[in-house]
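Structure, as structure tokens:
The values are calculated or read from the model by the stated rules, or taken from the named source; none is laboratory data. This structure is a prediction, so every number in the text was calculated from the model and none was measured. Cβ coordinates were reconstructed from backbone atoms using ideal geometry, including for glycine residues, and neighbour counts include every protein chain displayed.
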Amino acid sequence: MFLAKKLVLAHFWVAFVAFLAAIVLGEWQMFVRSPLAQWVNNPEHYYRSVTAHGTVMAYVLPTLVAMGFGYAICELALKQPLIGVRWAWAGFWLVVLGTALAGTTTALGKSSVLYTFYPPMVGSPFYYFGVVLVVVGSWVWVALMSINLRAWKQRHPGQSVPLAMFGNVAGAYLWAWTSLGAAAEVLLLILPAALGWTDTINAGLARVLFSWTLHAIVYFWLMPAYIAFYTIVPRAIGGRLYSDAMGRVAFVLFLVFSMPIGIHHLFADPQVGAGFKFVHAAMTAMVSVPTLLTVFTIVASVEIAGRLRGGRGLFGWVRALPWHNPMMLAVTFSFVMLGFGGAGGIINMSYQLNETVHNTQWVTGHFHLIFAGAIVLMYFMIAYDLWPQLTGCPPLPQRLVKAQVWLWFVGMMVLSMPWHLVGLLGMPRRMAYYDYTHPDIQPQAWTVIASTLGGLLLVISACLLVYILARAHRQPRAAPPPYSFSVEAHPGARTPALLNGFALWVAMMIGLTLVNYGFPIAQMAVLDEAAVPVVPVGSR
């Protein structure tokens, strides 16, 4: 029995409405700086838009999806009523209030600091208060995930934690730890400056603290998508999960390896020593291991589905797959974008090659493929899969869902691939204006036009998503079949104790983080020359 439907629906609807607004802002940014439009002659408007777009996409959308999906998993996987519903609603309203506060402040032009809010630029304190409320609301979710898991274990001693809940709690613990970096930066450094209590700020320390969060947050974003890969995709396409244990290994490896790697974003920063940059580069390579394990496991699971449908021979199972099924298309497109984005990430983590692409449009293309492409596409599929359970609607129209998935994939490829090309040519990112009459830039104008057209396809896809979900509320009510997660190909195997709990993995996560960040943070904290004058952005 699914009792938390309204709670989950509220999270998804706020997430996708905010997402739709952010997509429109993103398209506007590309249009106004392309040769298709006259420049608006006010870069402030551009940077307001970039800040709002990034804040929603980096903090609001993934946080609300992870929270809503997590609450659904608690009831559907653990088969017990959600403990702490009132606290869950309180966390939700904190996120909504924080989103409104940060969004309003940005719209008024008082905090055009981009979603990374790097000092010495400092905006209105109300923007940072909004971000803090979003994070605090998410911490309520973290606590509730732990409480619900503990209650289930007490009722089911010795049993294996369902894989969906195992991944869900892994994501919650990862977020609880990684969010501490940005929280410390905002509370200890940025807010005192924003409130006027100090005229200088330790920019080097702020950037190191934010790097604590900056890359590990990507793996918080992807946890719901990876849970869907393992626990929804095989069932949805009529197959079996190749290995439950492999999924657990992937989730705990993300806990261990995704935290101590963020300084690879600071390769160009002189304050951090080369030794720690090298260590973080090496650790970044390790985080590819759980992704490669996932690709292998899910492809094997898909092959099982193809062979169960009669596929024979070396590749006959590929032809036998249910390509008419939107989930089959989505996981294929997600893996394609994950492959291209991951290959770009290998360039980014290389100490030498990073010099070529640092702060160029290459980086923009990379993270749009990984997050907005591979991950957000699976957010759509999670919502589609849960919607009949949440609303009591009949199965969603597959033609519309497939059209929406195709539009998102094609739009994202057309959007991001030109960015990789011009990034190699040195085009900087986050620029409000390009002079396409300049002979060195004029040949690159077509890439910005192409990205604008790709963004238009994404806007259409996002509108179609919201239409499909809203339309379901108006359909005649139908009793959905009992919800189920994927079944393992060889069920009944005993789960190793180390893969049924988190004590060892959380200890390793904390230990590796302290080893990789302890000295750089201590060093930045005592460097007097790291303090620079605050640069106010907008009026207070």
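A Cβ distance below 8 Å, combined with a sequence gap of six or more or placement on separate chains, defines the contacts here; from the stretch 377-403, residues that are under 11 Å from Pro326 (Cα atoms) reach residues that are aliphatic (A, V, I, L, M) and not in a helix (DSSP H, G or I) in the pairs Met381/Ile232; Tyr384/Leu396; Asp385/Ile232. Listed by first and then second residue, the pairs linking a residue in the stretch 140-162 that is closer than 20 Å to Val249 by Cα to a residue that is surrounded by 16 or more Cβ atoms within 10 Å (Cβ to Cβ) and among the charged types (D, E, K, R), with Cβ atoms under 9 Å apart and 6 or more places separating them unless they lie on different chains, are Ser160/Asp244; Val161/Arg248. Filter the stretch 157-174 down to the residues that are part of a loop (DSSP other than H, G, I, E, B) and either modelled with pLDDT of 95 or more or touching a helix residue (DSSP H, G or I) at 6+ places or on another chain (Cβ under 9 Å) (or both) and list them by number. Passing the criteria: Gln159, Ser160, Val161, Pro162. What residue, of Phe257, Phe267, Phe278, is aromatic (Phe, Trp, Tyr) and within 19 Å of the chain's Cα centre (by Cα)? Selected residue: Phe257, the only one of Phe257, Phe267, Phe278 that is aromatic (Phe, Trp, Tyr) and within 19 Å of the chain's Cα centre (by Cα). Among the residues in the stretch 79-92, are any without any contact (Cβ under 8 Å) to a residue 40 or more places away in the chain and out of contact with any Cys (no Cβ under 9 Å at 6 or more places or on another chain)? Yes, the stretch 79-92 contains at least one residue that is without any contact (Cβ under 8 Å) to a residue 40 or more places away in the chain and out of contact with any Cys (no Cβ under 9 Å at 6 or more places or on another chain).
For Met524, state whether it is in contact with a strand residue (DSSP E or B) (Cβ under 8 Å, 6 or more places away or on another chain), assigned to a helix (DSSP H, G or I) and crowded, with 17+ Cβ neighbours inside 10 Å. Here the answer is yes, as Met524 does meet what is asked. Among the conditions (1) under 22 Å from Leu163 (Cβ atoms); (2) over 19 Å from the mean Cα position of the chain (by Cα); (3) surrounded by fewer than 17 Cβ atoms within 10 Å (Cβ to Cβ), Gly316 misses just one, which is (1).
Within the stretch 205-216, the set of residues being at pLDDT 90 or above and hydrophobic (A, V, I, L, M, F, W, C) comprises Leu205, Ala206, Val208, Leu209, Phe210, Trp212.
Within the stretch 376-392, is there a residue that is small (Gly, Ala, Ser), crowded, with 22+ Cβ neighbours inside 10 Å, under 29 Å from Ala274 (Cβ atoms) and out of contact with any Pro (no Cβ under 7 Å at 6 or more places or on another chain)? No, because not a single residue in the stretch 376-392 is small (Gly, Ala, Ser), crowded, with 22+ Cβ neighbours inside 10 Å, under 29 Å from Ala274 (Cβ atoms) and out of contact with any Pro (no Cβ under 7 Å at 6 or more places or on another chain). Evaluating Val113 against the criteria (1) outside any helix (DSSP H, G or I); (2) surrounded by fewer than 17 Cβ atoms within 10 Å (Cβ to Cβ) leaves one unmet condition, (2). All conditions but one from (1) over 30 Å from Ala497 (Cα atoms); (2) not in a helix (DSSP H, G or I); (3) not polar (S, T, N, Q) apply to Met57; the one that does not is (2). A search for C-beta distances below 6 Å between a residue of the stretch 2-27 that is closer than 23 Å to Ser49 by Cβ and any residue that is part of a helix (DSSP H, G or I) and not aliphatic (A, V, I, L, M), counting only pairs 6+ apart in sequence or on different chains, returns Ala22/His53; Leu25/Ser49; Leu25/His53; Gly26/His53; Glu27/Gly455. In the stretch 450-474, the residues that are surrounded by fewer than 17 Cβ atoms within 10 Å (Cβ to Cβ) form Cβ pairs under 8 Å with partners that are of a type in the set (Ser, Thr, Tyr), at six or more places apart or across chains, as follows: His473/Thr391.
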